[in-house]
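Engineer: My structure is below; once you've seen it, I'll send some questions.
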Amino acid sequence: MRMYWEMPYQGEFEARVIGAWTEGGAHYAVLDRTLFYPTAGGQACDTGTLGGVAVLEVQEEGDQIVHRLERPLREGERVLGRLDWSRRYRHMQRHTAEHILGQAFLRSGGWQVRAVNMMGAVCTIDLDGPPEEGIVRQAEALANWAVYANAEVRSYFIDQAEAAHHGLRRAPSPKVAGRLRVVEVVGWDKVACGGLHVARSGEAGPIKVLKFERYKGGTRVYFAAGWEALELFEREHRLLQRLGERFSTGPLEVEKPIASLQEGFYRLRAEHTLLKDELAERIMRGLLADFPNLTIWAQVPDWALEMVGKRLAEWPGVLALLVAQAEDKTRYALLKHKSRRENLEALWEAVLKPLGARGGGALVKLGVLPVPPHVALEAFRSHMAAVG
Ligand SMILES: [Zn+2]
């Protein structure tokens with residue numbers, strides 16, 4: 001027997017275990033009556049304890065409500081059930097807020113709800129109208145007015161056949177046969193729903209739209225409601241406050257210092273690139289002057305390895321080994337201009353491979369060495385001297 005519809009505010013109950021089994025390492029129980037709401041209709045299930053055993057998940061299987069447990073229970077046992085009330089109340093707030101928002105979108109834009117997801121603190125509601133800021137803002141304001149009206153939220157069953165006479169916001173799913181459960185926010189909204197809701201609209205607020213975006217030809221709206229909206233606001237506010245303190249300004253004034261920091265960063269980065277370019281050019285000219293026969297071996301700053309290497313490879317007549325000391329390794333660039341007759345691959349095999357080099361490339365070989373820069377330079381120098 002499901003007790004949650006009649007007693008949505010009750011968090012404790014007594015029941016008897018009428019079925020208990022273990023399957024694939026998981027333990028299950030069915031009770032003669034339960035307050036645990038199963039995962040259904042976009043609403044996450046309740047958790048809590050049964051006879052002190054944690055309830056991990058609750059599923060609806062046919063007519064039965066099946067509780068998945070951390071440890072097994074015995075059939076026939078009488079147990080005390082306790083819901084995680086904080087979790088359940090948040091679910092009730094989300095669900096009621098979704099009804100209130102659904103009606104608000106109908107009134108502000110004529111939009112109908114296509115789908116909802118309320119499995120997390122940030123919920124989504126998919127609507128059939130194209131995204132429009134004005135409609136979204138108006139719906140949010142209307143929804144919060146409906147919250148402040150503190151209207152009663154009622155639920156009752158009607159015959160499926162009479163549904164058309166009840167002025168429901170949405171035509172009920174044709175899958176539901178027989179009796180239909182209606183949830184009414186008095187004076188505001190009426191819709192078929194099997195979920196759990198708060199008793200008055202005031203308990204579902206505040207309702208905060210967080211963002212919206214185009215989704216499948218309509219609009220997806222993200223929202224938070226009740227405690228969860230307040231908690232989100234608290235986290236965001238603290239973050240802004242911390243940022244404000246770092247910039248010696250108020251939480252709502254941080255945009256300006258961040259923008260000027262960003263601007264300064266972009267300017268410095270552009271300058272930095274220009275300066276590096278200029279410096280790489282000078283390093284290259286210096287090497288050309290130091291090695292008049294254009295067979296070059298030298299250590300360069302790590303940042304300059306590729307920049308200088310690339311320039312030298314384009315200089316007619318150059319053959320070079322550049323090495324650089326990176327944090328914990330030696331990096332190298334072995335390169336030549338296409339006018340040089342040496343075989344770079346053979347040179348690499350003869351000089352760098354014996355030192356344990358890794359890397360590759362055709363006209364420019366880039367890689368790392370397990371030896372200090374000077375060892376590689378000396379190996380290159382003596383090899384070039386030997387081959388004349
Ligand atoms: Zn509902």
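The values are calculated or read from the model by the stated rules, or taken from the named source; none is laboratory data. Values in this document were obtained by computation on a predicted structure and should not be read as measured data. Every residue, glycine as well, gets a Cβ built from its backbone with ideal geometry; the counts of neighbours run over all protein chains shown.
Engineer: Looking only at segment 51-109, count every residue that is within 14 Å of the ligand (Cβ to nearest atom), among the acidic types (Asp, Glu) and touching a Lys or Arg at 6+ places or on another chain (Cβ under 8 Å) and tell me the total.
Structural biologist: 0
Engineer: If Ala149 satisfies every condition in (1) modelled with pLDDT under 95; (2) assigned by TED's automatic domain parsing to the domain that holds Asp189 but one, which is the exception?
Structural biologist: Result: Ala149 fails condition (1) only.
Engineer: Do we have Arg137 as over 20 Å from Pro206 (Cβ atoms) and away from the ligand (no atom under 14 Å from the Cβ) here? So that I can check it myself, show each step before the final result.
Structural biologist: Numbers: over 20 Å from Pro206 (Cβ atoms): no; away from the ligand (no atom under 14 Å from the Cβ): yes.
Here the answer is no, as Arg137 does not meet what is asked.
Let's see how each residue does on (1) free of Cβ contacts under 8 Å to residues at least 24 places away in the same chain; (2) more than 14 Å from Pro373 (Cβ to Cβ):
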residue: Leu275; (1), (2): yes, yes
residue: Ala289; (1), (2): yes, yes
residue: Pro292; (1), (2): yes, yes
residue: Ala298; (1), (2): no, no
residue: Met307; (1), (2): no, yes
residue: Gly317; (1), (2): yes, yes
residue: Leu352; (1), (2): no, no
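Engineer: Being charged (D, E, K, R) and not in a loop (DSSP other than H, G, I, E, B) is the filter; apply it to segment 14-43 and report the residue that is surrounded by the fewest Cβ atoms within 10 Å (Cβ to Cβ).
Structural biologist: Taking segment 14-43 first, the residues charged (D, E, K, R) are 14, 16, 23, 32-33.
When the remaining residues are screened for being not in a loop (DSSP other than H, G, I, E, B), the result is 14, 16, 23.
On the way: Glu14: 11, Arg16: 12, Glu23: 8.
Among them, the one singled out is Glu23.
Engineer: Let me ask another. Condition first: out of contact with any strand residue (DSSP E or B) (no Cβ under 8 Å at 6 or more places or on another chain) and either modelled with pLDDT under 95 or surrounded by fewer than 16 Cβ atoms within 10 Å (Cβ to Cβ) (or both). Now tell me which residues in segment 108-117 satisfy that.
Structural biologist: Once the filter is applied, which keeps residues that are out of contact with any strand residue (DSSP E or B) (no Cβ under 8 Å at 6 or more places or on another chain) and either modelled with pLDDT under 95 or surrounded by fewer than 16 Cβ atoms within 10 Å (Cβ to Cβ) (or both), segment 108-117 yields only Gly110.
Engineer: For residues that are without any contact (Cβ under 8 Å) to a residue 60 or more places away in the chain and buried (at least 16 other Cβ atoms within 10 Å of the Cβ), scanning just segment 118-148, find the one that is farthest from Phe105 (Cα to Cα).
Structural biologist: Ranking the candidates gives Ala146 first.
Engineer: Can you tell me how many residues in segment 149-185 are without any contact (Cβ under 8 Å) to a residue 40 or more places away in the chain, within 24 Å of Met7 (Cα to Cα) and among the polar types (S, T, N, Q)?
Structural biologist: 1
Engineer: Test Thr34 against the criterion of being under 22 Å from Ala121 (Cα atoms), free of Cβ contacts under 8 Å to residues at least 60 places away in the same chain, of a type in the set (Ser, Thr, Tyr) and not assigned by TED's automatic domain parsing to the domain that holds Pro206, and give yes or no.
Structural biologist: no
Engineer: Yes or no: Leu210 at pLDDT 95 or above, among the aliphatic types (A, V, I, L, M), farther than 20 Å from Ser108 by Cβ and away from the ligand (no atom under 15 Å from the Cβ)? Write out each step before concluding.
Structural biologist: Details: at pLDDT 95 or above: yes; among the aliphatic types (A, V, I, L, M): yes; farther than 20 Å from Ser108 by Cβ: no; away from the ligand (no atom under 15 Å from the Cβ): yes.
When the stated conditions are applied, Leu210 does not pass them.
Engineer: Right, here's the next one. Take the residues in segment 232-277 that are closer than 30 Å to Gly120 by Cβ and among the β-branched types (Val, Ile, Thr); name whichever of them is surrounded by the fewest Cβ atoms within 10 Å (Cβ to Cβ).
Structural biologist: Of everything passing the filter in segment 232-277, Ile258 is surrounded by the fewest Cβ atoms within 10 Å (Cβ to Cβ).
Engineer: Yes or no: Ala104 at pLDDT 95 or above and either assigned to a helix (DSSP H, G or I) or surrounded by fewer than 21 Cβ atoms within 10 Å (Cβ to Cβ) (or both)?
Structural biologist: On the way: at pLDDT 95 or above: yes; either assigned to a helix (DSSP H, G or I) or surrounded by fewer than 21 Cβ atoms within 10 Å (Cβ to Cβ) (or both): yes.
The answer is yes for Ala104.
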